[in-house]
Amino acid sequence: MIPLAVPDLSGDEAANLQTCIDTTFVSSVGPFVTRFESEFAIRHGVETGVATGAGTLALHAGLMVLGVDRDDLVLVPSFTFIASVNAIAHCGAHPWFVDIEPESWTMCPIALERALAAGTMRAPNGDLIHHETGRRVSAILPVYTLGTPAKMSAIREIASTYRLPMLADAAAAVGATYEGHPLGGLAELSAFSFNGNKTLTTGGGGMLIGPEKDLLAKARHLTTTARVSSDYEHDRVGYNYRMTNVQAALGCAQLARLDGFLLAKRVIRTRYDAAFADLEGAAFPDPDWAGSGCWFSGRVLAADSRRDVRTVCRQLADCGIEARSFWKPVHLQIPYAQCPREALPVTESLWWRVVTLPCSVGLTERDQARVIDAVRSALS
Ligand SMILES: *Cc1c(COP(=O)(O)O)cnc(C)c1O
């Protein structure tokens with residue numbers, strides 16, 4: 001079976017894990033954690049990071065630090081992994097769904113602006129209030145879909161007009177760039193994931209980075225039980241969200257190989273796109289203002305295709321190839337079906353046509369050729 005996405009752990013991963021055991025630093029304090037935070041932040045153009053046990057935890061901590069509170073609304077695309085929205089719900093807040101744009105599959109700045117202009121008013125106390133629900137709007141959460149940054153110049157301008165902070169869900173965008181720059185400074189905070197199927201993995205893990213040191217200090221405080229001294233004193237309800245030294249040991253080894261991983265992902269993307277150029281349907285978006293991390297690659301079926309994603313995946317499975325559908329939008333998920341939303345025409349016409357194909361960083365050219373042949377015969 002050719003798997004969809006499996007990690008490559010053939011570098012210093014094993015040696016680093018052995019170091020954890022030899023030194024007994026296996027828990028949430030240790031030299032690998034500090035090193036991983038610092039090297040990861042620097043790689044993304046900022047100085048400080050706060051490592052967490054998962055990407056979802058980084059998202060939740062980030063929203064809390066930005067002041068998202070119970071009953072608030074947070075603007076977010078519906079076309080995302082449900083974890084982006086779960087993090088909003090974990091704050092006791094609610095999503096306000098906006099559409100994506102077709103050329104990047106990321107939050108549409110025009111839709112965002114229109115939603116804010118038509119749907120909100122400024123209360124006397126300065127809060128931005130959503131007409132329809134009366135809720136306070138407290139943040140914008142753009143998602144870097146498939147490792148492609150959102151149009152952050154435009155989104156940042158809107159955020160500043162409406163005085164809203166931004167947390168970027170950069171979960172799958174490790175190593176990506178925006179207009180030639182690293183991602184760390186694009187939003188007040190950016191959250192990454194190191195889950196097993198991401199480009200860089202720590203087994204499970206996450207990280208918050210950003211340009212403002214005081215926000216990250218707050219995040220560190222909140223994610224380490226809000227401890228104010230080593231004498232078991234705490235000044236608020238805190239969280240045990242820290243990454244362990246064992247996870248960070250993997251992270252350091254993986255980070256040293258990131259350029260190779262990104263190149264492999266890019267080569268895989270280019271080969272698929274070239275091989276399928278004459279078939280029905282479309283390639284995954286790859287806008288030139290973004291240096292996408294190409295987290296996943298695959299194919300978008302034509303809207304009038306005689307096949308559907310499930311049939312194609314089943315056919316590929318019969319050839320020993322793991323292919324999968326992609327995110328079902330969050331406004332169609334049971335817990336979020338009643339949440340406020342704008343018109344979502346791009347999301348609704350897209351999501352059911354996306355097939356993701358094997359794209360592990362270790363995928364051989366020979367195995368990819370097998371996938372290509374199987375896809376070509378499934379689609380023609
Ligand atoms: C993977 C992913 C997450 C969740 O990260 P975990 O580490 O699994 O908690 C959140 N958002 C997006 C867009 C993701 O792709």
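The values are calculated or read from the model by the stated rules, or taken from the named source; none is laboratory data. As the structure is a computational prediction, the values presented were derived from the model and not from experiment. All Cβ positions, even for glycine, are placed from backbone atoms using ideal geometry, and neighbour counts span all protein chains on display. The area values use the complete protein model at the heavy-atom level, side chains included, leaving out ligands, DNA and RNA. Shrake-Rupley method; radii C 1.70, N 1.55, O 1.52, S 1.80 Å.
Annotations
- Put simply, of Leu279, Leu263 the only residue that is open to solvent by 10 Å² or more (accessible area, probe 1.4 Å) and outside any loop (DSSP other than H, G, I, E, B) is Leu263.
- Some residue of segment 90-102 being open to solvent by 40 Å² or more (accessible area, probe 1.4 Å), among the hydrophobic types (A, V, I, L, M, F, W, C) and out of contact with any helix residue (DSSP H, G or I) (no Cβ under 6 Å at 6 or more places or on another chain): no
- Options Thr244, Thr202, Thr145; residue that is among the β-branched types (Val, Ile, Thr), within 11 Å of the ligand (Cβ to nearest atom), farther than 25 Å from Ala115 by Cβ and crowded, with 20+ Cβ neighbours inside 10 Å: Thr202
- Residue in segment 211-229 that is assigned to a loop (DSSP other than H, G, I, E, B) and over 30 Å from Met152 (Cα atoms) present: yes
- Scanning segment 178-207 for residues that are over 20 Å from Ala249 (Cβ atoms) and either within 14 Å of the chain's Cα centre (by Cα) or part of a loop (DSSP other than H, G, I, E, B) (or both) yields Glu179, Gly180, Leu183, Gly184, Leu186, Ala187, Glu188, Leu189, Ser190, Ala191.
- For segment 282-323, a residue qualifies if it is within 30 Å of Leu186 (Cβ to Cβ), open to solvent by 50 Å² or more (accessible area, probe 1.4 Å) and in contact with a Ser or Thr (Cβ under 8 Å, 6 or more places away or on another chain), and exactly one does: Asp286.
- All of (1) part of a loop (DSSP other than H, G, I, E, B); (2) open to solvent by 40 Å² or more (accessible area, probe 1.4 Å) hold for Gly175 with one exception: (2).
- Pairs with Cβ under 6 Å, 6+ apart, first in segment 203-217 and closer than 17 Å to Ile42 by Cα and of a type in the set (Val, Ile, Thr), second at pLDDT 95 or above and within 12 Å of the ligand (Cβ to nearest atom): Ile209/Ser190
- One residue from Ala111, Ala115, Ala139 being open to solvent by 10 Å² or more (accessible area, probe 1.4 Å), touching a residue at least 60 places away in the same chain (Cβ under 8 Å) and within 25 Å of the chain's Cα centre (by Cα): Ala111
- Of residues in segment 266-276 being among the aliphatic types (A, V, I, L, M) and open to solvent by 10 Å² or more (accessible area, probe 1.4 Å), the one nearest to the ligand (Cβ to nearest atom): Val267
Listed here are the residues, each with its yes/no results for (1) of a type in the set (A, V, I, L, M); (2) part of a helix (DSSP H, G or I).
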site	(1), (2)
Val6	yes, no
Ala14	yes, yes
Val29	yes, no
Phe32	no, yes
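- Check on Arg269, of a type in the set (D, E, K, R), under 22 Å from Val143 (Cβ atoms) and at pLDDT 95 or above: yes
- Each residue in segment 215-239 was checked for being over 27 Å from the mean Cα position of the chain (by Cα) and open to solvent by less than 30 Å² (accessible area, probe 1.4 Å), and 0 pass.
- Of the residues making up segment 152-165, just one is under 29 Å from Thr202 (Cα atoms) and surrounded by fewer than 24 Cβ atoms within 10 Å (Cβ to Cβ), namely Pro165.
- In segment 6-56, the qualifying residues are those that are hydroxyl-bearing (Ser, Thr, Tyr) and within 16 Å of the ligand (Cβ to nearest atom), and the one that is most open to solvent (accessible area, probe 1.4 Å) is Thr56.
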